[in-house]
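The values are calculated or read from the model by the stated rules, or taken from the named source; none is laboratory data. As the structure is a computational prediction, the values presented were derived from the model and not from experiment. Positions of Cβ are backbone-derived with ideal geometry, glycine not excepted, and every protein chain shown enters the neighbour counts.
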Amino acid sequence: MNAANEVAVAAFLNGQIKWADIPHLIAQALDNYDSRKAEEEHDIYEADKQARLITNQLISGI
């Protein structure tokens, strides 16, 4: 969720999205996220990467 928020806020600051789009993007990113239990450190990095990718794809569709 933090990664989706960071990407959404950066997009807002760059003028790509509206302020009101931020919570919707985060919710959509969570809905599209393939949640798995993080058993190792690399699982956390992979989850962050996946959340950023999903959020960027959603922003591209706006």
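Please tell me if residue 27 is within 15 Å of residue 54 (Cα to Cα), more than 10 Å from the chain's Cα centre (by Cα) and modelled with pLDDT of 95 or more. Against the criterion (within 15 Å of residue 54 (Cα to Cα), more than 10 Å from the chain's Cα centre (by Cα) and modelled with pLDDT of 95 or more), residue 27 does not qualify. Going residue by residue through the stretch 38-48, is there one that turns out to be touching a residue at least 12 places away in the same chain (Cβ under 8 Å) and surrounded by 13 or more Cβ atoms within 10 Å (Cβ to Cβ)? Taking every residue of the stretch 38-48 in turn, at least one turns out to be touching a residue at least 12 places away in the same chain (Cβ under 8 Å) and surrounded by 13 or more Cβ atoms within 10 Å (Cβ to Cβ). Candidates are the residues of the stretch 30-52 that are in a helix (DSSP H, G or I) and polar (S, T, N, Q); the one that is farthest from the chain's Cα centre (by Cα) is 32. For residue 55, the criteria (1) surrounded by 14 or more Cβ atoms within 10 Å (Cβ to Cβ); (2) part of a loop (DSSP other than H, G, I, E, B) hold in every case but one, which is (2).
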